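Some notes on the structure that comes next.
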Amino acid sequence: MLPSLFAQCRPARWFVTVLLATGVVSAGRCDTAAPATLYTGAWVFTLADGVAGPREPGHLLVSADGFVLAAGPGFEPPAATAGLADARRVDLTGRIILPGLVSGHSHLWQSAFRGIAADGELYPWLNALHRTYGKFFVEGDFAAFTRHGALDQLRHGVTTTYNHSQSIGGSYEIYVEQLAASEALPQRFVFAWVNDRTVDDATWEARLQPLLARAVPAPERSLLAFAVNALGVHSDGELLRREFALAARHGLGAQIHYLEASDTVVAERAKWPMVRDAGGVGPGRSYAHFIHPDTAMVKEAAEAGAAMIWNPLSNGRLGSGLSDIEGYLAAGLKVGMGVDGAASADIADPFENVRLGLYALRMRRQNSKGLQPIDMLRLHTLATARVLGVERWVGSLEPGKFADFLVVNPASPATGPIWDPAATLVFACSSANIETVHVGGREVARGGRVLGVDEVAVEAEVAARVAALRVRTGK
Ligand SMILES: [Zn+2]
């Protein structure tokens, strides 16, 4: 299967050779030499650990096959930098470059259901969506809805998405469309696998094992990794144990929805020993939402190396509550961010996510200390990549990582002079300021449109499928 609509072969032979020598990439690329590209004059946020936000215009040098070669202050890297001499130069004066945003928790298929159950908290909302429409999905629905959600995330600057796929009533063949749809899209995915609880471990393995080889980290590939969406937390400890054991056998991350709604806190907290006993407290284990833990749970999760994913837009929409993010960070808990599904967020917009999240924390605390704009950018990029275990490839602009980045133009729509680039990004810009989106060095979106995709046809198909679904459902 073609891994991407945008697969191209533009490697720089010398750089591939270096990476092969270090074991970073596998062989098999074509070897036509091509020049690198130097983006210069922009404010460049590398968001690498220990690197402050930009105080002067900088540079980003990208190899022809989609890796970051250099990034930092100054109009270009040191003269001896490989690839610089014959690089194609692109002047981006006045723009801001930052790593593509990473969503650590999303349900892409929900994109077709925005605005649903507007007055519902989590469980009424679930009833109105999953339990009303799920069993009426037919062949092609999941693929079309997933495509719709993914393209919307890309337009809003999310270049890597953890797709917490869901099986909501249809057959396995219908469910697995969520994976195939992802692989044909231009951005990257960590695909969180759902196991059918009615079949045994051998069947799980027979279904999952052939798929694992399709996740290959490479600049032009969409499927970055697999993970496990562990559902047993909602039912029984034995299912949960099997799910975490499956993840452990294959070295996969595993995520659960946990401590989201405000009206089930006592019952959810009581499940903590079950989560622990099933293997759910440790490295590679993450909790989506985790709004209502007690202090001991936070301490135990932090010390064990577990993580949580903060979804402020969704948590606000569903009235779920506000996580004590600064308390978690102080306790040493790993925190990432997600835009969740578009049926609860209802725009998959990381710019709104960081702004709303930071403002909500400040409203509750009634001061502006604590997390700052640069911290929010770090949370939605490298910190989230770490939770997902893909920080080797994405989340910051550092040599050897994929050149997944956004070019933001604060002058369109106009946001005025830049006093503090991080504050301009988080307080003053929206996704409307995204000029271009690049994945593996390829420009995949410009001016709010995804390139090479018939977005009108995607919209039309979703509209037709939702109309048919409503007829089948009788709603
Ligand atoms: Zn969710």
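The values are calculated or read from the model by the stated rules, or taken from the named source; none is laboratory data. As the structure is a prediction and not an experimental result, all values here were calculated from the model. Ideal geometry is used to build each Cβ from the backbone, glycine not excepted, and the neighbour counts take in all protein chains shown.
Tabulated values for the structure
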quantity: Residues of region 301-320 satisfying the condition of being within 16 Å of the ligand (Cβ to nearest atom) and out of contact with any Leu (no Cβ under 8 Å at 6 or more places or on another chain); calculated: I309, N311, S314, R317, G319
quantity: Which listed residue, of G41, G74, G104, G120, is over 23 Å from V158 (Cα atoms) and within 16 Å of the ligand (Cβ to nearest atom); calculated: G120
quantity: Which listed residue is within 14 Å of the ligand (Cβ to nearest atom), under 18 Å from the mean Cα position of the chain (by Cα), closer than 23 Å to V466 by Cβ and not in a strand (DSSP E or B), from W125, W109; calculated: W109
quantity: Test: R276 is in the same structural domain as L223 (by TED's automatic domain parsing), surrounded by fewer than 20 Cβ atoms within 10 Å (Cβ to Cβ), closer than 20 Å to G237 by Cβ and in contact with a His (Cβ under 8 Å, 6 or more places away or on another chain); calculated: no
quantity: Residue that is within 15 Å of the ligand (Cβ to nearest atom), assigned to a loop (DSSP other than H, G, I, E, B), without any contact (Cβ under 8 Å) to a residue 40 or more places away in the chain and more than 18 Å from the chain's Cα centre (by Cα), where the choices are S323, S368; calculated: S323
quantity: Any hit, region 301-315, residues being over 30 Å from A215 (Cβ atoms) and either not assigned by TED's automatic domain parsing to the domain that holds W125 or not in a helix (DSSP H, G or I) (or both); calculated: no
quantity: Residue check, R378 assigned by TED's automatic domain parsing to the domain that holds L126 and either within 16 Å of the ligand (Cβ to nearest atom) or within 14 Å of the chain's Cα centre (by Cα) (or both); calculated: yes
quantity: Residue under evaluation S368, criteria (1) surrounded by fewer than 21 Cβ atoms within 10 Å (Cβ to Cβ); (2) among the small types (G, A, S); (3) closer than 18 Å to G53 by Cα, criterion not met; calculated: (3)
quantity: Some residue of region 88-104 being in a helix (DSSP H, G or I) and either surrounded by 17 or more Cβ atoms within 10 Å (Cβ to Cβ) or assigned by TED's automatic domain parsing to the domain that holds L259 (or both); calculated: no
quantity: From I174, I168, residue being part of a helix (DSSP H, G or I), surrounded by fewer than 24 Cβ atoms within 10 Å (Cβ to Cβ) and in the same structural domain as A348 (by TED's automatic domain parsing); calculated: I174
quantity: Candidates A428, A403 - the one that is under 20 Å from V190 (Cα atoms) and crowded, with 16+ Cβ neighbours inside 10 Å; calculated: A403
quantity: Looking only at region 331-346, and only at residues there that are crowded, with 24+ Cβ neighbours inside 10 Å, of a type outside the set (G, A, S) and within 25 Å of V466 (Cα to Cα), the one that is nearest to the ligand (Cβ to nearest atom); calculated: D340
quantity: V199 crowded, with 24+ Cβ neighbours inside 10 Å and among the aliphatic types (A, V, I, L, M); calculated: no
quantity: Test: residue in region 129-148 that is modelled with pLDDT of 95 or more, within 15 Å of the ligand (Cβ to nearest atom) and β-branched (V, I, T); calculated: yes
quantity: Odd one out for R392 among (1) over 22 Å from W43 (Cβ atoms); (2) part of a loop (DSSP other than H, G, I, E, B); (3) touching a strand residue (DSSP E or B) at 6+ places or on another chain (Cβ under 9 Å); calculated: (3)
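Yes/no per residue for (1) closer than 22 Å to L356 by Cα; (2) of a type in the set (A, V, I, L, M, F, W, C); (3) assigned by TED's automatic domain parsing to the domain that holds V68:
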{"position": "F405", "(1), (2), (3)": "no, yes, yes"}
{"position": "G416", "(1), (2), (3)": "yes, no, yes"}
{"position": "S430", "(1), (2), (3)": "yes, no, yes"}
{"position": "N433", "(1), (2), (3)": "yes, no, yes"}
{"position": "V439", "(1), (2), (3)": "no, yes, yes"}
{"position": "R442", "(1), (2), (3)": "no, no, yes"}
